[in-house]
Amino acid sequence: MQGHILLTPLKWFQEISHYPAINVEGRNLKVSCTAAAPDVLLSNDAKWTDLPVELGILIGEQPLDGDGNPIKQGVGCFYFSDAQAHPLLHGWLLCERRLPEVLV
């Protein structure tokens, strides 16, 4: 689904990761948000606006989909899971290399 979703940050945090097996190393910026989405329903009929959103902000040039192909129109992805007791809405946003330096 292509569109625009307004996210309101609630809490920012940063961590240092070291997972060389999956090519994840260095600083990671994350944010907990609320979303203002236009009546988007999820698979369990919950609305985006009813759930917290956990978003990772990654450094990079070209976002890739789950199969390793470049995303043609977009800068990130959202995922929804209702397998746990509390449904989880999370995702990532890819930004150019210098943006985290500006934010920190």
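The values are calculated or read from the model by the stated rules, or taken from the named source; none is laboratory data. In this text, all values refer to a predicted model and were calculated from it rather than measured experimentally. Glycine also receives a Cβ, built like all others from the backbone with ideal geometry; neighbour counts cover every protein chain displayed.
Looking only at residues in the stretch 14-47 that are surrounded by 13 or more Cβ atoms within 10 Å (Cβ to Cβ) and among the small types (Gly, Ala, Ser), which one is modelled with the lowest pLDDT?
Residue satisfying both the conditions and the ranking: ALA37.
Would you be able to say whether some residue in the stretch 95-103 is within 12 Å of the chain's Cα centre (by Cα), part of a strand (DSSP E or B), surrounded by 10 or more Cβ atoms within 10 Å (Cβ to Cβ) and modelled with pLDDT under 75?
yes
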